[in-house]
1. If I take R0 = 30 Å and measure r between the Cβ atoms of Glu123 and Arg95 in this structure, what FRET efficiency does the formula 1/(1 + (r/R0)^6) give, to the nearest 0.05?
2. Relative contact order for the range 139-227 using alpha-carbon pairs under 8 Å, separation at least 6, rounded to a whole percent?
3. Rounded to the nearest 0.05, what FRET efficiency do Gln223 and Ile152 give with R0 = 25 Å and r taken as the Cβ-Cβ distance? Could you check?
4. For labels at Glu199 and Asp64 in the simple 7 Å Cα→Cβ model, what's the distance in nm?
Amino acid sequence: MNLDNNAINLRTIDVYGRYGLICRFDANAPGLDQAIRRIVFELGAEENPRPDFEHETVFVMDADGWSVAARVSGLVSFVNVNSPSDIVYLRDLPRDELASLFFALAAGDLAHIRRQKWKRRSELAPFTKNFYLYANHPLKTDLMKAAHLGQISWAEQLINQGADINAQDEQGATALHIAALCEDVPMCELLLRNGADPEIRDSGHATCDDYALNNVDICNLIQEFRQS
């Protein structure tokens, strides 16, 4: 991804690695906004259910070593590579807000970035699992997002409103696949009680049992519903 020499696609480890831009910045660089939005979309977008290292972290870095990076878990960091101990964090930003931080750095607007409510690692709320892979991904249904976040009340509301409980994403996974991956027994039970089909396979022919990663409680629960 070359933008008239204003930004360079960087892969830090051989062919693969963290995906992003090093900017010799110019806010008016042709295609810069599009490139940043593509980077944000790449965050966890291609690997389902588990991202490989290439799409686990995306970042933008300016010529002075300031970097904003986002991990698929939802952790967003801001640091100068020359002062790594001063790193600060945000959690679980919507993709548009993440894109705005990336663009601000590429445009040299450090003041906008510093206005955010950055925190030290010890001050952060507990992690969710793969936030950008499921919970904030634009191609997932709301029920899939609720299943990923473990939000039972939201899932119940969506089911009562007629959500398609067996809808499949672009990789063929259902909300039940996602709940099984997250090892969330109550969510799996809710979905199964409301008609989730444990026999549906994703595009790789994996069932929800496969996504459960040998979690005995979930595998037993699924088997109970198969036999009922």
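1. Calculated transfer efficiency: 0.80.
2. 26
3. 0.70
4. Here the answer is 6.3 nm between the modelled labels.
Every read-out reported here was derived from the displayed coordinates using simple, explicitly stated rules and does not represent laboratory data. Because the structure is a prediction, the values reported are computed rather than measured. So basically every Cβ, Gly included, is an ideal-geometry build from the backbone, and we count neighbours across all protein chains shown.
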